[in-house]
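Heads up, the thing below is written out as structure tokens.
The values are calculated or read from the model by the stated rules, or taken from the named source; none is laboratory data. Keep in mind that this is a model prediction, so the values were computed, not measured. Neighbour counts run over all protein chains shown; Cβ positions are idealised from the backbone, glycine included. Just the protein is used for accessible areas: all its heavy atoms, side chains included, with ligands, DNA and RNA removed. Shrake-Rupley method; radii C 1.70, N 1.55, O 1.52, S 1.80 Å.
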Amino acid sequence: MSEAPIKIDIQGLQKSFGANHVLRGVDLTVPAGKSLVVIGGSGSGKSVLLKSVLGLVKPDRGSIKVDGRNVARQSAGDKKHIAAQTGMLFQGAALFDSLSVWENVAFRLLYGQRNKRAASKDKAIECLAQVGLAPEVGELRPSELSGGMQKRVSLARAIASDPQILFFDEPTTGLDPIMSDVINNLIVERVKAIGATAISITHDMASARKIADEVAMLYQGVIIWRGSPDELDNSGNPMVDQFVSGRADGPIQMQVRKFTRR
Amino acid sequence: MNPIAAVGRLSLDVFGEVGRMTNFAMEGAFAAVTPPFFWRPFLHALARIGFASLPVVGLTALFTGGALALNIYEGSIFPDANAFIPQILGVSIVRELGPVLAALMVAGRCSSAMAAEIGAMRVTEQIDAMSTLSVNPFRYLVGPRVLATTIAMPLLVLTADIIGVYGGYLVSVHLLDMSASIYINTLADFISSEDVTSGLIKATVFGFLIAVTGCYYGYRSSGGATGVGNATRTAVVAAAVSIFAANYLLTSLFVDF
Ligand SMILES: Nc1ncnc2c1ncn2[C@@H]1O[C@H](COP(=O)(O)OP(=O)(O)OP(=O)(O)O)[C@@H](O)[C@H]1O
Ligand SMILES: [Mg+2]
């Protein structure tokens, strides 16, 4: 997969919050039109990684290049360049609760691109249909939806303007298995049909296998492994092995401390 | 910590905060008057801030006008105290009480609401989401609110002036047996257009301050619901204090010239 030009190029990315060194030198490249899945333990910095690429988190060190522009410097022009071609699904959905569902989905069309309301609404309803939501849902407020529905609305919002770069932070968390598969198909279709470049974060191995061209594992602030989804089962890396099979014992020791009364 | 260092730190904090807020205010003013304009959030804000504040501002003005009439009547040392009522009452309401009281009521309603709303959007990543959708969240959230409040306040204060003076009229004419025509004529003789204009200029400045403090604390909030709660409380206090401070400054300007 090395023929395609590099779309996103992250080198030596570091980020700390106080004494918490979350990212300690992440190197990651994503070729144009490919789908990368990042796996890793809860709290390992996957969301921070995505937010750094979007310019929402300011990295301490390292470079992040999108189309050759270094966005780690966070100039307004670079941020605009990224935002204009990116769709992001936030882990917590982050829907605008003062707007109706369809206005959420059409937000960029309405206020970023200044399209007509009627046309934007049609497009929004179409995107809602793609994530399995009926047109009536468009008239509701986000607070009237279930968690999984909010996630799907957020996904519809991310894809509504056919962006070239897609970031999905746990797209299938909280969805039933069938709906998860629908969403997986949708992501695959976006990458294949539109040629979008995608980075997804997921804890769902079935989903990872389905949507990934390549999988990377983040552990203790660095990428410790990358490979194709087929290689997940015989990665030769004990940590990947433990993660994929979901065992409590192994080289990765989750920080669970026994409470002892002194 | 040694006390001198503590005082130093405190004053640095205060100056730093004032500096950041001034910066925010200038950016807010710029966003309010330069394109891109966001008409929908603007009209929403105008309706919620301007129109929905009418009852509370009107009632405040009505009772204040009435109370003022009683006070002037009771407190006067002159035998025909009635004649002073419209004169003193009109000027106090139009120049001072109308703008300040209306601004405090609107600050209580709207600075808090803005801080809470924008703060909640900050801590639930809605502001981040907006910027990934190619819309500048500062311009979408702050610009329309600043513009709407700055436009709505003078209109509210004008209404408050009329209702306040009417409150005085009700008490004077129906309780203190003053003749309606004397009340109205004295009022017309003594209230100048400068009085009204100076009150409306104050109102405009107060409206701007209300929106800026509300948006500022909301926009910077962090730390979940607790952080939003803090932002809300601080916003109302800061709005009220800056209204009083600005009122003093503007009054001293208007008195001089
Ligand atoms: N704004 C912030 N301020 C302080 N610390 C933060 C902030 N955002 C993230 N962190 C810290 O960074 C670390 C990584 O967070 P992140 O959200 O990236 O985890 P994650 O890998 O996405 O986990 P999960 O799978 O649970 O979503 C955590 O320890 C978290 O406490
Ligand atoms: Mg996360």
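Things to note:
- Global form of the stretch B:12-81, assessed from the alpha-carbon gyration tensor, a/c cut-off 1.5: oblate
- Rolling a 1.4 Å probe over the protein heavy atoms leaves B:Glu117 with an accessible area of roughly 50 Å².
- Note: relative contact order over chain B, using C-alpha pairs below 8 Å and six or more positions apart, is 32 percent.
- Accessible surface of B:Cys215, taken over heavy atoms with a 1.4 Å probe and every protein chain present, rounds to 0 Å².
- For chain B, modelled as a GNM whose springs connect Cα atoms under 10 angstrom apart, the maximal fluctuation among B:Ile210, B:Ile127, B:Ile184 occurs at B:Ile184.
- Cα gyration tensor shape for the stretch A:45-120, rounded if a/c is under 1.5, else prolate or oblate: oblate
- Simple Cβ-charge dipole of chain A, Lys/Arg +1 and Asp/Glu -1, about Cα centre, in debye nearest 20: 1100
- Put A:Arg108, B:Arg122, A:Arg209 in order of accessible area, highest first, and with a 1.4 Å probe you get A:Arg209, B:Arg122, A:Arg108.
- Overall, the protein assembly as shown carries a charge dipole of about 1300 debye about its Cα centre when +1 sits on the Cβ of Lys and Arg and -1 on the Cβ of Asp and Glu, all other atoms neutral.
- Largest to smallest accessible area among A:Asp213, A:Asp60, B:Asp189, A:Asp78 [probe 1.4 Å]: B:Asp189, A:Asp60, A:Asp213, A:Asp78
- 222 nm mean residue ellipticity, helices alone, for chain A (DSSP H n ≥ 4; -39,500 (n - 2.57); rounded to 500): -8500 deg cm²/dmol
- Accessible surface ranking for B:Tyr73, B:Tyr169, B:Tyr216, 1.4 angstrom probe, highest first: B:Tyr73, B:Tyr169, B:Tyr216.
- Computed from Cα atoms, the angle from the helix A:117-130 axis to the main principal axis of chain A rounds to 40 degrees.
- Area accessible to solvent at B:Val7, 1.4 Å probe radius, in Å²: 100
- Interchain or long-range residues, amide H under 5 Å from A:Tyr219's placed H: A:Ile224
- Average partner coverage of A:83-96, which counts Cβ from other chains inside 10 Å: 4
- Remark on A:Lys7: its backbone amide H falls under 5 Å from those of A:Val30, A:Ala32, a criterion applied only to residues 5 or more positions apart or on other chains, H modelled at 1.01 Å from N.
- Taking 24 Å as the limit for the C-alpha separation, the pairs A:Lys123/A:Lys192; A:Lys15/A:Lys79; A:Lys65/A:Lys121; A:Lys7/A:Lys192 exceed it in the case of A:Lys65/A:Lys121.
- Screening chain B for whole DSSP H helices of 20 Å or more along their axis (Cα) with average Kyte-Doolittle hydropathy at least 1.0 returns B:54-75, B:137-170, B:224-256.
- When you restrict to C-alpha pairs under 8 Å that are six or more residues apart and normalise by the size of chain A, the relative contact order lands at 23 percent.
- Partners for A:Lys58 among aspartates and glutamates (Cα-Cα distance below 15 Å; same-chain residues under 8 apart left out): A:Asp78, B:Asp128
- Using θ = phi - 60° in the Karplus curve 6.51 cos²θ - 1.76 cosθ + 1.60, the 3J(HN,Hα) couplings for the stretch A:237-252 round to 10, x, 6, 4, 4, 5, 5, 5, 8, x, 9, 6, 9, x, x, 7 Hz; x is entered for Gly and Pro.
- Three-way shape call for the stretch A:127-262 based on the alpha-carbon gyration tensor, with the a/c threshold at 1.5: oblate
- Straight-line reach from A:Lys210: taking Cα to Cα under 15 Å and skipping same-chain neighbours fewer than 8 places apart, the aspartates and glutamates in range are A:Glu170, A:Asp181, A:Glu189, A:Asp230, A:Glu231, A:Asp233.
- Here the label points at B:His44 and B:Ile4, each 7 Å from Cα along the C-beta direction, are separated by 5.3 nm in the simple model.
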